[in-house]
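Worksheet: the structure to be examined is printed underneath.
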Amino acid sequence: MFGVMILVNARMLGLLKLASFPAVHRLLPWAALALTSNIVTGMLFVMANPGMYLQSYPFGWKMGLLLLAGATLLYQTVFEGAWELGAGDNPPVRVKAVAASSLVLWF
């Protein structure tokens, strides 16, 4: 998941100009599948010992940041702003802002 997000966001930031965004975009369903599997297994861990996780202050931050990072994945998958980027095109500022925030959130 992390590798796919780095590739997609690097293209959205204009770093991989040799590839068109639709070519890189084909990897996003794999990232969504990986995120879904992480969420399911994470829920199993929490269900096994809820007191350990739910009383932890950093756990709340982690869940909030994961929710925001998942929203950036949804944005990159659904909205068409970056779809118009061909090979060699420079992305608009809005697309770069989403990509930069996505990278920060995933790190």
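The values are calculated or read from the model by the stated rules, or taken from the named source; none is laboratory data. Worth saying up front: this structure is predicted, and the values here are computed from it rather than measured. We place every Cβ from the backbone using ideal geometry, glycine too, and count neighbours over all the protein chains shown. When the accessible area is computed, the model is the full protein with side chains, heavy atoms only, and any ligands, DNA or RNA have been set aside. Shrake-Rupley method; radii C 1.70, N 1.55, O 1.52, S 1.80 Å.
Extension gain for the segment L18 to M52, taken as residue separation times 0.36 nm less the Cα-Cα distance, is 7.6 nm to one decimal. More than 18 angstrom separation, counting every C-alpha pair in the chain; what % is that? Everything past 18 Å amounts to 50 percent. In the stretch 1-86, Cα pairs under 8 Å separated by at least six residues give a relative contact order of 37 percent.
Treating only the Cβ of Lys, Arg, Asp and Glu as charged (+1, +1, -1, -1), what charge dipole size does the chain show about its Cα centre? Round to the nearest 20 debye. Write down the numbers at each step before the final one.
Working: 6 positive and 3 negative charges, 28 e Å.
Charge dipole of the chain: 140 debye, to the nearest 20.
Just to confirm a number: summing +1 for Lys and Arg and -1 for Asp and Glu over residues other than G14 whose beta-carbon lies under 9 angstrom from that of G14, what do you get? Please list the in-between numbers first.
Details: positive: R11, K17, K96; negative: D89.
Summing Lys/Arg as +1 and Asp/Glu as -1 gives +2.
For the chain, the longest principal axis of the Cα atoms and the long axis of helix 93-106 meet at an angle of about 30 degrees.
Counting only heavy atoms of protein chains, what accessible area per residue, in Å², does the stretch 16-107 have with a probe of 1.4 Å? Write out the running numbers ahead of the final one.
Values: 6160 Å² over 92 residues.
Result: 67 Å² of accessible area for each residue.
The angle separating the long axis of helix 57-78 from the principal Cα axis of greatest extent in the chain is about 30 degrees.
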